[in-house]
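Derivation of every value follows stated rules applied to the coordinates shown; laboratory data play no part. Here the structure is a predicted model, which means the values were calculated and not measured. We place every Cβ from the backbone using ideal geometry, glycine too, and count neighbours over all the protein chains shown.
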Amino acid sequence: MTDVIPGKPVVARFCPSPTGNPHVGMARTALFSWAFARHHGGRFVFRIEDTDASRDSQESYDLLVDVMRWLGLDWDEGVEVGGDNGPYRQSERMDVYADVAQRLLEAGLAYKAYDSAEELEERRDAARAAGRPSGYDGLHRDLTPEQQAAYEAEGRKPVIRFKMPEKDWTFDDLVRGPITFGADNVQDFVIVRANGQPLYTLTNPTDDALMGITHVLRGEDILSSTPRQIALYEAFAQIGVGDGSTPRFGHLPYVTGAGNRKLSKRDPESNLLGYREQGFLPEGLLNYLALLGWSLDAERDVFSLAEMVEAFEIGRVNPNPARFDLDKCEAINGDHIRRLPVEDVAQRLVPYLATAGLVNEPASEEEEALVAAATPLVHERIAKLTEAVDMLRFLFIDEHDFSVDEADAAKNLDEKGRETARAARDALEAVETWDTESIEAALRASLVDGLGLKPRLAFGPVRVAVTGSRISPPLFESLELLGRSRTLARLSAAL
RNA sequence: GCCCCGUUGGUCUAGCGGUUAUGACGCCGCCCUCUCAAGGCGGAGAUCGCCGGUUCGAAUCCGGUACGGGGUACCA
C-alpha cells in the first residue's frame, strides 16, 4: 500500500467542532494526524468546524486552541496562525459553501428536495419494514420546475441534496485496507438545510478540497460517510473546486471507556483538561495515547514525540478499538517525569504548587530555590505532578496551617512514639551543622543505637510529627530543607 | 431491518504461513530500604471469538457464523 504519492507533499488536518470539553479521543486523532504530517515532512492544518451555532461555543473554541498548544501539536496553517487558505473557522466561510452549493445545483449535481420531515419518516419506516436500506429514496431527484413551483407555493422550503452517482464505492482505507459500499446503500444526502445553513457533509469536503488536504485521518464513526465524500470530490473536480484530486482516508479506531462504550464527553476520564490539572505531562499523555492503536515496536512503550514522528506509519495503526486504561496512562506519565531533568520537573511543579496555594504567584526567588531543592526528593516518586504537591505540602505550608494526619498520628505517635519523638528532638537540638548527614547521624545514634529501635520504628514517629504523614519524601533530606526551628517546633508540638 | 468495521492473557500491544505466541500496565513473591516510590529478579495469566476450508504446516490466507462497535439525521 502506497500511502503517499511521491513528489506530492502531504497535507493533513485536524478539524474538531468546538462543542463541550476537549476529550482524549480527539487528542488521539489530532496526535495521529499531526504525527503523520510530521513523519512525511508535510503540513498540518488546524481548522475549526463550527457550523452548528446551537452546539458550538467560543469557550470550547478557546479550550481547543489552548489544549493543542499545551500538547505541543503545532500547526502550520489554521486558526490563530493564519495561512493561504483561510479563514479557518467554518463560521467565517459561509459564503464559500453557498457558492459551492450553488454551483453544484447549476451543474445538475445536486437538487432541491421538498420532502417534509413526516414524509421522510414515513417512507423510511416503510423501506425498513420491507428490508430495504433506509436512506433517502430519491423521490425529489427529478422534479420538474412546475412541481418545484408547486411545492414553493405551498410554502415549503427545500433542502439541497447531493445526487449520488449510482455506482459502487471502493476506497483503500489507510488503516483498514479496501472497503466497498454498494450503490444501493449510499443515498442522496442533504448538504444544505432548508434554512440555508450548510451541513458538515458539504463543509468538510469543501474545505478539505480548498485547503489541499491530501490525507484525512479521523474517527471510525464517519467511516460510512466516506463514499459520499468521495462522490463530492468527484463532483468538485467537475465544477473546479480544489485541484480535482481526492484525498486518501484513514479511519482510526475508537477509544473506549469501561464496558465497551466509546469514551463519552461526560466521562471524567475523557476530559483532557483534567489531565493537565492532575499534573500529567503532555509528553506522557501523548505517549500513552499513541499506544492506543499504535506501537513503536514490540519491546518499547516509552518514547518521545520525536521518536514517534520518526517511526509513525499510518499503515501500522491497529484498526480495533482500545480501552483507555488510566493506570497505564499514569505509569507511562511517571516514566516521562523520571526521564525529565530534575530542574525541568522543578519548573513544571511551580504552577501546581501555586494552584495549591503553597507558593506565591509568581513564586519568589526563595520559593523557587526551595522547589529546586525539594524536587529531587520527589522526582522519582510521582506519576503525576500533583502528587509532588501533596508530598511537599509540609515544606511549603504556613506553620499555623500545618497539621498531622489523625490516623497516622494515632498509629505512630502513641506513648512510645512520643517518647521516640522526644528523643529525636533532643538529639536534633544538639546537631551543629544542619545538613542531611548530621541529621541522620544524630538520629541514628540516638534512636537506633541509643534506644535500640529498629529503623522503621525509630523514624516513623519523627516522620509523622514533622511531615504530618506516614508517607513522605526521604526523612533526613526533608528535615534539612524544613530547617532546624520548624523541625524542632513540630517535634515539640507532637509531644 | 439494511450497510460498514472489529475480534491475540483482565487491559493495551507485537506478530503478517513454520516462534517455547512479543513487550507493557495491573496482580503476586523476593531483593533493596527510614515511609512511599523508583530500581532489580522471579511468577501466575492466551487452546490467538467459534466452525469449516486451503496448505506438509494457520493467530497469520479464504468462507461462514457468533459477539461487540459504528452508521442508517435538515449532528459532526
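Considering helices alone, the calculated mean residue ellipticity of chain A at 222 nm is -14000 deg cm²/dmol, with DSSP H runs of length four and up weighted by -39500 (n - 2.57) and normalised per residue. Compute the separation of the alpha-carbon centres of the range A:407-454 and the range A:48-86 and state it in Å as a whole number. Cα centroid of the range A:407-454 versus Cα centroid of the range A:48-86: 57 Å apart.
When peptides A:282-289, A:52-59 are sorted by average Cβ neighbour count within 10 Å, with the highest value leading, the order is A:282-289, A:52-59. For the peptides A:120-132, A:153-165, the ranking by packing is A:153-165, A:120-132, with the highest mean count of neighbouring Cβ atoms within 10 Å listed first.
Working from Cα pairs under 8 Å separated by at least six residues, relative contact order for chain A is 13 percent.
Normalised Debye scattering of the range A:341-397 at q = 0.14, 0.22, 0.29 Å⁻¹ gives log10 I(q)/I(0) of -0.28, -0.74, -1.37, counting only Cα atoms as equal scatterers and leaving out solvent. For the range A:402-495, the spherically averaged projection of the C-alpha convex hull amounts to 5.0 nm². Taking every alpha-carbon pair under 8 Å whose residues sit at least 6 apart, the range A:341-397 reaches a relative contact order of 43 percent. Net length available on complete extension from A:ALA430 to A:GLU277 is 50.8 nm, with 0.36 nm assigned per residue and the Cα-Cα distance removed. Karplus-derived 3J(HN,Hα) values for the range A:18-32, using 6.51 cos²θ - 1.76 cosθ + 1.60 with θ = phi - 60°, are x, 10, x, 7, x, 10, 5, x, 5, 5, 5, 4, 4, 4, 5 Hz; glycine and proline are entered as x. Find out how many positive minus negative residues lie around A:PHE476, taking Lys and Arg as positive, Asp and Glu as negative, among other residues whose Cβ is under 11 Å from that of A:PHE476. So the environment of A:PHE476 carries a net charge of -3. Along the range A:287-298 the Karplus relation, 6.51 cos²θ - 1.76 cosθ + 1.60 evaluated at θ = phi - 60°, assigns HN-Hα couplings of 4, 5, 4, 4, 6, 7, x, 8, 9, 6, 7, 6 Hz to successive residues, with x for each Gly and Pro. Taking the three principal axes of the alpha carbon atoms in chain A, the coordinate ranges are 105, 50, 43 Å, sorted in descending order.
3J(HN,Hα) along the range A:359-371: 10, 6, 10, x, 5, 6, 4, 5, 4, 4, 5, 5, 4 Hz, from the Karplus curve 6.51 cos²θ - 1.76 cosθ + 1.60 with θ = phi - 60°, whole Hz, x for Gly and Pro. Taking a straight Cα-Cα cut-off under 26 Å and skipping sequence neighbours fewer than 8 places away in the same chain, the lysines within cross-link reach of A:LYS157 are A:LYS112.
In this structure the amide hydrogen of A:PHE249, modeled in the peptide plane, comes within under 5 Å of the amide hydrogens of A:LEU174, A:VAL216, none closer than 5 places in sequence on its chain.
May I ask for the percentage of alpha-carbon pairs in the range A:225-307 that lie more than 20 Å from each other? Cα-Cα pairs of the range A:225-307 separated by over 20 Å account for 59 percent.
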